Amino acid sequence: MYAVKANPSPDLLGVLWDNGIVHYDTASIGEVRLVKATLPDATCHFMHPIKAPEAIAEAYFEHGVRTFSLDSMDELHKIVAATDGATDLTLCVRMRVSSEYAKLSLGSKFGVAQGEAKDLLIATRQVADALGICFHVGSQTMSPDAYANAMERVRAAIVEAGVTVDVIDVGGGFPSRYPGMTPPPLERFFETIHRAFESLPISYSAELWAEPGRALCAEYASVVVRVEHRRGAELFINDGAYGSLFDAAHIGWKYPVQLLRQPESDARDMDFSFWGPTCDDIDQMQGPFPLPADTRSGDYFEIGMLGAYGSAMRTAFNGFGNGETVLTDDEPMESMYIELDPVPAFVSNNVVKL
Ligand SMILES: *Cc1c(COP(=O)(O)O)cnc(C)c1O
């Protein structure tokens, strides 16, 4: 599955579909509607453990959704009621697992703890056509051990409950590459997961699922911004915390940057921090971001790797956020999939120019 939350761009959905991705992890009825409107033959799975009853009903009766996740008895009863006691459901119990290897935790909000999963697994087994167990190890997970450890909790829960499990869904969390964050190759993650899956006490025909978001779209978009003002090592730019740079502002995420000036600057790089365009002090990205020391107002530069949780989170706060979207077909600034040799290309796939 592709986790639509990471970037719901219809153009991207089309690219993924053309490359063989036909299942989509949706977390809201809005995402379900968007996917079905863009890709009518796609299969949506509703993987948010807490849903509105009318969203469940619309997903089931109007969009053919059959897979739902849950982490409580309440939600189980809600799903059964909203689908009029459907007997063709795949129900995935979301387990709580550690986020210790992830740059962004998803460990506190959802999931039933291993020791408390037994009753829920047994009750869910009784109404589900297929029973699944899902989890999320946190976003941008830097070690395959995270998945191995989570699978151990899954094993313990299955043994305690003594239920037959048909689906193991290892969720998202697969990493991409950012400055200062170079994860091991994805193959190492897949090997670890396959090994753990093969050794679980599950039905011989059980399926292994995953819901990557970031790993499938981080490379998809860049944002081109303009320097409106320079104050020493601080650049005032026309995108920020309320735009594509939420993670850069709030959790200090670093993205690759590259000055777009012809002829190219021959000044050495120096470290800059950025201010976004709104009037708030929190609209600040500390970085540091290396750019040529003669960077000045009027310059444009590219911020890469904003395909996941970047363009998707832009708002119109304070009257900013209008950008022009341009589709290009050159290489991203970083990649988990291709060797970028010798230097990163100039502009990446889907450029939002502000
Ligand atoms: C956010 C989310 C994903 C995608 O996570 P990534 O870290 O982007 O891979 C997958 N599944 C669920 C339930 C999520 O909430």
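The values are calculated or read from the model by the stated rules, or taken from the named source; none is laboratory data. All values reported here derive from a predicted model rather than from experimental measurement. Cβ placement follows ideal geometry from the backbone for every residue including glycine, while neighbour counts extend to all protein chains displayed. We work out accessible area using only protein heavy atoms, side chains counted, and drop any ligands, DNA or RNA first. Shrake-Rupley method; radii C 1.70, N 1.55, O 1.52, S 1.80 Å.
Report yes if some residue within the range 194-202 is surrounded by 15 or more Cβ atoms within 10 Å (Cβ to Cβ), among the aromatic types (F, W, Y) and either within 16 Å of the ligand (Cβ to nearest atom) or in the same structural domain as V97 (by TED's automatic domain parsing) (or both); otherwise report no. Checked the range 194-202: at least one residue is surrounded by 15 or more Cβ atoms within 10 Å (Cβ to Cβ), among the aromatic types (F, W, Y) and either within 16 Å of the ligand (Cβ to nearest atom) or in the same structural domain as V97 (by TED's automatic domain parsing) (or both).
Quick one: would you say P263 is open to solvent by 40 Å² or more (accessible area, probe 1.4 Å) and outside the structural domain of N7 (by TED's automatic domain parsing)? It is true that P263 is open to solvent by 40 Å² or more (accessible area, probe 1.4 Å) and outside the structural domain of N7 (by TED's automatic domain parsing).
Of the strands (runs of 3 or more DSSP E) contained entirely in the range 206-301, those carrying at least 2 residues that are acidic (D, E) fall at 269-275.
Let's see how each residue does on (1) in contact (Cβ under 8 Å) with a residue 60 or more places away in the chain; (2) open to solvent by 20 Å² or more (accessible area, probe 1.4 Å):
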site	(1), (2)
P40	no, yes
E54	no, yes
V65	no, no
H77	no, yes
A81	no, yes
G85	no, yes
T90	yes, yes
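What is the one condition in (1) under 11 Å from V93 (Cα atoms); (2) open to solvent by less than 10 Å² (accessible area, probe 1.4 Å); (3) away from the ligand (no atom under 14 Å from the Cβ) that I122 does not satisfy? Every condition holds for I122 apart from (2). When the range 155-175 is filtered for residues that are away from the ligand (no atom under 12 Å from the Cβ) and closer than 25 Å to K5 by Cα, the ones remaining, listed by number, are V167, I168. Within the range 321-354, being modelled with pLDDT under 75 and either under 21 Å from the mean Cα position of the chain (by Cα) or among the aliphatic types (A, V, I, L, M) (or both) holds for L340, V343, A345, V347, S348, N349, N350, V351, V352, L354.
Here P183 passes the criteria (1) within 16 Å of the ligand (Cβ to nearest atom); (2) part of a loop (DSSP other than H, G, I, E, B); (3) open to solvent by 20 Å² or more (accessible area, probe 1.4 Å) except the one numbered (3). For the range 299-316: of the residues being within 13 Å of the ligand (Cβ to nearest atom) and surrounded by fewer than 24 Cβ atoms within 10 Å (Cβ to Cβ), which is nearest to G180 (Cα to Cα)? Residue satisfying both the conditions and the ranking: Y309. In this entry, Y178 passes the filter for residues that are within 16 Å of the chain's Cα centre (by Cα), within 16 Å of the ligand (Cβ to nearest atom) and closer than 17 Å to P290 by Cα. Restricting the first member to the range 1-22 and to residues that are closer than 14 Å to A221 by Cβ and open to solvent by less than 60 Å² (accessible area, probe 1.4 Å), and the second to residues that are of a type in the set (V, I, T) and within 13 Å of the ligand (Cβ to nearest atom), the beta-carbon pairs closer than 9 Å and six or more apart or on different chains are L13/V4.
Note on the range 272-297: residues that are free of Cβ contacts under 8 Å to residues at least 60 places away in the same chain, over 26 Å from S139 (Cβ atoms) and not hydrophobic (A, V, I, L, M, F, W, C) total 4. Filtering V93, V65 for residues that are within 16 Å of the ligand (Cβ to nearest atom), of a type outside the set (D, E, K, R) and more than 30 Å from P144 (Cα to Cα) leaves a single hit, V65.
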